[in-house]
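See structure below.
Nothing in this text is a laboratory measurement; each read-out follows from the coordinates by a stated rule. If you're wondering where the values come from, they're calculated on a predicted model, not measured in any experiment. Virtual Cβ from ideal backbone geometry, glycine too; neighbours counted across all protein chains shown.
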Amino acid sequence: MLTQQVIIRRSLLIFPRYCSTSTSHNTCNRTTKAELDSIIRVDHAGEFGADRIYAGQMAVLGSTSKGPLIKHMWDQEIKHREKFEELIRKHRVRPTAMIPIWNVMGFALGAGSALLGDKAAMACTVAVETVIVDHYNDQLRKLMGDPEVNKELLETITKFRDEEQEHHDTGMDHGAEQAPFYKAFSEAIKFGCKTAIAISKVV
C-alpha cells in the first residue's frame, strides 16, 4: 500500500514536468477554443469599457488642460476596442451580453471621476489600468503555452498591455495619488473592474 502511494505521488510530480518540457503543441499546453473565446470576449468587453470611461472623462474635462492628454489615451483605447471587434468577428466569438450595461457604467465612471476633479480622473485611470495590466499578464502566461498557435493574440495583448501600463504611469505622473480619499477610491474601482472581468468571461 505504501509503495503504491509513493508511485502515485511521483507520477503527479512527473506529469507537469513532462508537460512543461514537451513541445508547444502538447495537449497539456494547448489553448482550447473555449479558452480563446473567453479571452477574446473579456478583452473586448474591457476595451469597450475603457473606451466609454475615457469618453465620460472627455465629456467633462475635454476643454481643460487635461483634455489633450485624455484624448490621446482615449484614441489608443478606441484602437484597442476596434482590434478586439475584429477578433470577435474573425474567431466568431459571442460578445458578452453585458455590453449595454458596461456602456452606461463605463461612461458614468469616467464622467463621475472627472466631476470630482482631474486628479480623481487620473486616479480612476491608474486603478483601472492596474487591474487591466495584471489581467493581460495572466493571459500572456496562459497563451505562452502555445505561442505559435496564439501568435496574433500574444502580439496584440503584449502591445496593448504596454500601452495600458503607459496610461497607468501617465495617471501617476499627473497627480492620481493626490486625489481625495485616493486609496479607498482606487480600491473601489479595482473591485468593480475585477467583478466586471469575472462576469464578462462567461456571460
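See the values below:
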| read-out | value |
| --- | --- |
| Average Cα contact separation per residue, the stretch 33-202, under 8 Å, 6 or more apart, as relative contact order % | 30 percent |
| Rounded to 10°, Cα long-axis angle of helix 67-90 versus longest principal axis of the chain | 40 degrees |
| Angle in degrees between helix 182-202 and the longest Cα principal axis of the chain, rounded to the nearest 10 | 50 degrees |
| Percentage, to the nearest whole number, of Cα pairs in the stretch 109-187 over 16 Å apart | 53 percent |
| Dimensionless Rg/Rh of the chain - Kirkwood Rh, Rg from C-alpha atoms | 1.10 |
| Peptide ranges 147-153, 78-84, 127-133 listed from the most packed, as the mean C-beta count within 10 angstrom indicates | 127-133, 78-84, 147-153 |
| Reachable lysines from residue 79, criterion Cα separation under 18 angstrom, eight or more residues apart if same chain | 71, 90, 159 |
| In degrees, nearest ten, helix 2-21 long axis to first principal axis of the chain (Cα) | 50 degrees |
| Within-13-Å neighbourhood charge of residue 82 [Cβ basis; K, R +1; D, E -1] | -2 |
